[in-house]
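Since the structure comes first, as structure tokens, the remarks are kept for the end.
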Amino acid sequence: MNIAFVNSTRKWGGVKTWILDFAERLSSYGHDVRVYGRQQAFVDQARRRVGHGEAASFGFDLNPATIAWFRRRFTEHRTDVVIINIGKDLATAGAAARLLNIPVVQQIGLPGDIPHRLKTRLLHAWIAPKFLCSCQYIADGFLTSLPYLRADDVHVVLTAKRVATGPLSASTPRRLVATQQLNPDKGHETLLRALASLDLPFELDVAGTGSHEAYLKELAASLGIADRIRWHGFTTRVPELLERADVFLLASLSEGLPNTLQEALAQGLLPVARDVGGVREVYTPELEPWLLPYAAGPAEFAAMLRKALTLPDKDLVEMKHAARRACATHCELDSKARELEAWLSGLITCSA
């Protein structure tokens, strides 16, 4: 298959990581995979990991110049299927694919990602995309938010990671890590207040940037825990941070199925997380005791973190192995990439 991935967003997020992970695997299976994007860091990573990454200028919706540009690219590379992300992608690359009768797949990151607007409904009616969701929670919510869609047009393939195979150990003091964007809905304030209430040693790595970054740093200082936190900002060293950590923290109030969670499970980190979005879909019974209710606040997180930080080394290592087993069971990359491959192949066959 000749597959094109298109992403017009300006900042890094889980969707871009998903694209690179699945595009890399599909390319390794012998498919011709092309990646088009606006953010230079994303384009550069695509070139390195997939073998192709090309910067695109999107302009306004239904921009004739952008549509013509994508139409030339899709024609030159004999593209069989186009996988897009947000509305601007639909109104540019999606429109170009429709003019060439190429199947379009729109990836949905959250149930409310696409507002119920007349313009969007008309574009969907014309382009007739299929929709790809990263968990059942997103699929159910998406169908509710856009009631004009048919359930048969919405497909679920869980986001996924390759399970690490290296040895696992427990650090002293325990190393914690949070890798979500530093925005209010990601719950970092809850984590900082919970950690500040504990009289236990720990080290915390925080990767990511966002609108709350300055506030969170000031809060950590005021709570007296700034010396135990390393702020890494935007970094490509997340795998390294995960490899040396023991416990993954997720206090988000809004998620689909977090790519960051799969990364942590695959590496073998004990996940202390809020029951948000599709998180429960990748937890096994072994891990469910570490899943906090959606309404959990600093006190509930503090109690769970105290339990995690005081686990004996042997028990912590066993929970880290349980995390890897959960990833292997629910979200192993090769298995999910093959699942996506089969679905895309069926779409192409039906459109021929």
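The values are calculated or read from the model by the stated rules, or taken from the named source; none is laboratory data. Since the structure is predicted, the reported quantities are computational estimates derived from the model, not experimental observations. Because the Cβ atoms are built from the backbone with ideal geometry, glycine has one as well, and the counts that use them run over all protein chains shown.
Just the residues that are part of a helix (DSSP H, G or I), farther than 14 Å from N85 by Cβ and either touching a residue at least 60 places away in the same chain (Cβ under 8 Å) or in contact with a Phe, Trp or Tyr (Cβ under 7 Å, 6 or more places away or on another chain) (or both), please, taken from the range 123-141.
Across the range 123-141, the qualifying residues are Q136, Y137.
Consider A266 carefully, then state whether it is buried (at least 16 other Cβ atoms within 10 Å of the Cβ), touching a helix residue (DSSP H, G or I) at 6+ places or on another chain (Cβ under 7 Å) and over 19 Å from V317 (Cβ atoms).
no
Filter the range 179-223 down to residues that are touching a residue at least 40 places away in the same chain (Cβ under 8 Å) and of a type in the set (D, E, K, R) and give me whichever is nearest to V238 (Cα to Cα).
Taking the candidates together, the pick is D205.
Which of (1) assigned by TED's automatic domain parsing to the domain that holds R25; (2) modelled with pLDDT of 95 or more is the odd one out, the single condition Y148 does not satisfy?
(2)
Return only the number of the condition from (1) part of a helix (DSSP H, G or I); (2) more than 25 Å from L265 (Cα to Cα); (3) in contact with a helix residue (DSSP H, G or I) (Cβ under 8 Å, 6 or more places away or on another chain) that S211 does not satisfy.
(1)
Pick out the one residue from T120, T165 that is part of a loop (DSSP other than H, G, I, E, B) and either outside the structural domain of R228 (by TED's automatic domain parsing) or in contact with a Leu (Cβ under 9 Å, 6 or more places away or on another chain) (or both).
Exactly one residue qualifies, and that residue is T165.
Within the group A251, A220, A245, which residue is in contact with a Gly (Cβ under 7 Å, 6 or more places away or on another chain) and farther than 17 Å from W12 by Cα? Give the derivation first.
Values: A220 fails: in contact with a Gly (Cβ under 7 Å, 6 or more places away or on another chain); A245 fails: in contact with a Gly (Cβ under 7 Å, 6 or more places away or on another chain).
Answer to the check: A251.
Any idea which of R49, R34, R71 is closer than 27 Å to G346 by Cβ, within 23 Å of the chain's Cα centre (by Cα) and part of a helix (DSSP H, G or I)?
Result of the check over R49, R34, R71: R49.
Go through the range 52-68 and report how many residues are over 25 Å from the mean Cα position of the chain (by Cα) and either farther than 24 Å from W126 by Cβ or in contact (Cβ under 8 Å) with a residue 60 or more places away in the chain (or both).
The qualifying residues number 0.
Among the listed residues A323, A337, A342, identify the single one that is loosely packed, with under 14 Cβ neighbours inside 10 Å, among the hydrophobic types (A, V, I, L, M, F, W, C), under 23 Å from the mean Cα position of the chain (by Cα) and assigned to a helix (DSSP H, G or I).
Testing whether each residue is loosely packed, with under 14 Cβ neighbours inside 10 Å, among the hydrophobic types (A, V, I, L, M, F, W, C), under 23 Å from the mean Cα position of the chain (by Cα) and assigned to a helix (DSSP H, G or I) leaves just A342.
Residue by residue, here is whether (1) touching a helix residue (DSSP H, G or I) at 6+ places or on another chain (Cβ under 8 Å); (2) among the acidic types (D, E); (3) modelled with pLDDT under 95 holds:
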| position | (1), (2), (3) |
| --- | --- |
| D153 | no, yes, no |
| A170 | yes, no, no |
| G187 | no, no, no |
| L242 | yes, no, no |
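Could you tell me which of the residues R10, R71, R48 is of a type in the set (K, R), surrounded by fewer than 23 Cβ atoms within 10 Å (Cβ to Cβ) and touching a helix residue (DSSP H, G or I) at 6+ places or on another chain (Cβ under 8 Å)?
Exactly one residue qualifies, and that residue is R71.
For D185, indicate whether it is surrounded by fewer than 23 Cβ atoms within 10 Å (Cβ to Cβ) and either in a strand (DSSP E or B) or within 24 Å of the chain's Cα centre (by Cα) (or both). Steps first, answer last, please.
Values: surrounded by fewer than 23 Cβ atoms within 10 Å (Cβ to Cβ): yes; either in a strand (DSSP E or B) or within 24 Å of the chain's Cα centre (by Cα) (or both): yes.
Judged against the criteria, D185 is a match.
Of everything in the range 248-268, what is in contact with a Pro (Cβ under 8 Å, 6 or more places away or on another chain), of a type in the set (A, V, I, L, M) and part of a helix (DSSP H, G or I)? Give them in sequence order.
Selection gives L261, A264, L265.
In the range 21-44, is there at least one residue being assigned by TED's automatic domain parsing to the domain that holds W69, surrounded by 21 or more Cβ atoms within 10 Å (Cβ to Cβ) and farther than 23 Å from D80 by Cβ?
Scanning the range 21-44 turns up no residue that is assigned by TED's automatic domain parsing to the domain that holds W69, surrounded by 21 or more Cβ atoms within 10 Å (Cβ to Cβ) and farther than 23 Å from D80 by Cβ.
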